[in-house]
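Here the structure comes first, spelled out in structure tokens, and everything after it is commentary.
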Amino acid sequence: MKNIVWATPLYKFLRECNLSPLERIVLDCGAGGDDPPLQIFSEYYYETYGIEVDDRQLKAAKRFCRLDNVDLNILKGDMRQVLFRNESFSFVYSYNAIFFMTKKEIGRVLKPNGLCFVNFLSADDPNKRSFTKPFLGNVRFSHFRDDEPDKYFSNLEIIHKEKRTTKQKWKEKWIVTACIDYIAKKSTSRKKV
């Protein structure tokens, strides 16, 4: 592999996706930044798509694609109103991006038997932080108790759930984060999710 992506939980998701018989087509909801995790799927020959609402993060991702000569198909878009048709993707994920979203359409764009990865900040996270984004206003990150996010998967089968606390050095500072990761599978029934 050319790059090792810092979003290590996505490697577990990639492994699950590689075991699936579905077509290798993936959507990243919140795909921006200067080191887009979508690149690991590209390196495994997935057809990749990403959406990013923040212009600065979108610009950084496009710069990465240009410099690394890779087309990840990252577009301007909002995960609260995903611009793709129903059941377009075998695999969909939102890594460190759904913390503050009130509506998600992951289930709608996911194919039957498709897999999704979503992570949430744990109530055990030591940083109860807020931030300001021009497109969202002043927002406080949502923090969840251990089983609280389960309700978002009522029409999906949870196949992996993990609570993790990590300490990593980022830009000369140590950052501690506690998250709850989910990998879920969409049923073959036609229920709305």
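Summary table below
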item: Any chance Asn119 is among the polar types (S, T, N, Q), in contact with an Asp or Glu (Cβ under 7 Å, 6 or more places away or on another chain) and modelled with pLDDT of 90 or more; result: yes
item: Elements of type helices (runs of 4 or more DSSP H) in segment 1-114, at least 3 residues being surrounded by 13 or more Cβ atoms within 10 Å (Cβ to Cβ) and of a type in the set (A, V, I, L, M, F, W, C); result: 9-19, 38-43, 55-68
item: The lone exception for Lys76 - which of (1) more than 25 Å from Thr188 (Cα to Cα); (2) modelled with pLDDT under 95 it fails; result: (2)
item: Pairs with Cβ under 7 Å, 6+ apart, first in segment 15-33 and over 19 Å from Asn96 (Cα atoms) and touching a residue at least 12 places away in the same chain (Cβ under 8 Å), second surrounded by fewer than 22 Cβ atoms within 10 Å (Cβ to Cβ) and among the charged types (D, E, K, R); result: Leu22/Lys111; Arg24/Glu47; Ile25/Glu47
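The values are calculated or read from the model by the stated rules, or taken from the named source; none is laboratory data. This is a predicted model, so every value here is computed, not measured. Using ideal geometry, Cβ is built from the backbone for each residue, glycine included, and neighbour counts are taken over all protein chains shown.
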